[in-house]
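Written below as structure tokens is the structure these notes are about.
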Amino acid sequence: MVITLSDDTISNFCKKVKVQSVQSIEYKPFLRFHIANCLNQETNNTLGDFLLNTIKDRQTGAALLQCQSLDSETLNDISFIDFNILLSTAISHLIGVPNLDSMSGKFYARFSVKNEDNSDSYLRQGNRRMELHTDGTYVKEHTDWVIMQKILEVDVEGGESLLLHVDDWQNLDKFYNHELAKEDIQWSSPPSKNIGYKVFHPVFLEDHIAGEARMSFIDQFAEPLNIDQGLYLYEIGESLESETNTFGVGLCEGSMLIINNYCWLHGRDKFIAKKNLHRELLRQRGAFIENALTKQKTT
Ligand SMILES: [Fe+2]
């Protein structure tokens, strides 16, 4: 599903929100809903419902949102980076409430991939493929959706976003019907994530509808406590990485993927090494309203 916001929509949205600074929406959470409403009004109050239905519907569950063009006239002198933060914030607040990102201390996080990296996870390492996973495996909050927005790209070749719908995974039945599918696994995270606890949940979360698998999985942060769990997780990782139904999506600056985090796995292909490689993403992830109200995972 590709959604393109027209120049008129973008321009009118920018006129309405340009009095709001990025700092003001960071400090005042209600302003985030205000700018969401400004964007929705420019689509005759259709965009929010359309996005929510698309992301909640398992048959779709994902959208690529892009802008017709993003010249300075359309942006009404809002800087490109600020516009991206305002736009993704409007989108996130049309589909729910973002979780606090413990890595950035804000409701959104920006992170870069460069040619060299010395961090403690694969998030920023451009020279390798980032394996398919879901987000939020190691936090207590619901992570119903993820928004990944490209905000900067310099000297980039490769690095496409990788996507796989759980139902398109050819070995799904083998792992979904496995005796460990619903057994709690321990999940943790490296120091850079700033999460001081471990969580326990199965790879396959409780079905909302019988037979419709919902996954919460990432290879790096699972901590198996016996050889059976270890082999189960290892085989899932091997199967996912050899899955031929996975496909790549190239994003241009200013566009974003909005995905249902429990039925779409995502990853990133490796970049071609280039000295000046620099790609920056903005990420928001959060819960649908009804789940944000419960605050804690029940699994
Ligand atoms: Fe991710």
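A few notes on this one:
- Helix-only CD estimate at 222 nm, as mean residue ellipticity for the chain, using -39500 (n - 2.57) per DSSP H run (n ≥ 4): -8000 deg cm²/dmol
- Put PHE30, PHE221, PHE80 in order of accessible area, highest first, and with a 1.4 Å probe you get PHE30, PHE80, PHE221.
- Heavy-atom SASA rank of CYS252, CYS14 (probe 1.4 Å, accessible area, largest first): CYS252, CYS14
- Where Rh is the Kirkwood radius over Cα pairs, Rg/Rh for the chain: 0.96
- Isotropic mean projected area of the C-alpha convex hull, segment 101-255 (nm²): 10.0 nm²
- Accessible carbon and sulfur surface of the chain relative to its total accessible area, %, 1.4 Å: 48 percent
- Under a model in which nothing but the beta-carbon of Lys, Arg (+1) and Asp, Glu (-1) is charged, the chain shows a dipole of about 960 debye around its Cα centre.
- Mean accessible surface per residue for segment 150-200, computed with a 1.4 Å probe while every protein chain stays in place, in Å²: 50 Å²
- Set against the 2.2 N^0.38 Å expectation for a compact globular protein, segment 176-235 has a Cα radius of gyration ratio of 1.18.
- Mean shadow area of segment 22-133, taken as a quarter of the surface of its Cα convex hull (nm²): 9.3 nm²
- Over segment 6-47: Rg over Rh, Cα atoms, Kirkwood Rh: 0.99
- Counting only heavy atoms of the protein chains and using a 1.4 Å probe, ILE91 has close to 0 Å² of accessible surface.
- Per-selection Rg to Rh, segment 170-299 - Cα, Kirkwood hydrodynamic radius: 0.97
- In segment 134-197, the inverse of the mean reciprocal separation of distinct Cα atoms equals 15.6 Å; this is its Kirkwood hydrodynamic radius.
- Overall form of segment 76-165 per C-alpha gyration tensor (a/c, 1.5; a/b vs b/c): oblate
The values are calculated or read from the model by the stated rules, or taken from the named source; none is laboratory data. Predicted model, so just to flag it, every value in this text is computed and none were measured. Reconstructed Cβ throughout: ideal geometry from the backbone, glycine too, with neighbour counts over all protein chains shown. SASA here: full protein model, heavy atoms, side chains in, ligands and nucleic acids out. Shrake-Rupley method; radii C 1.70, N 1.55, O 1.52, S 1.80 Å.
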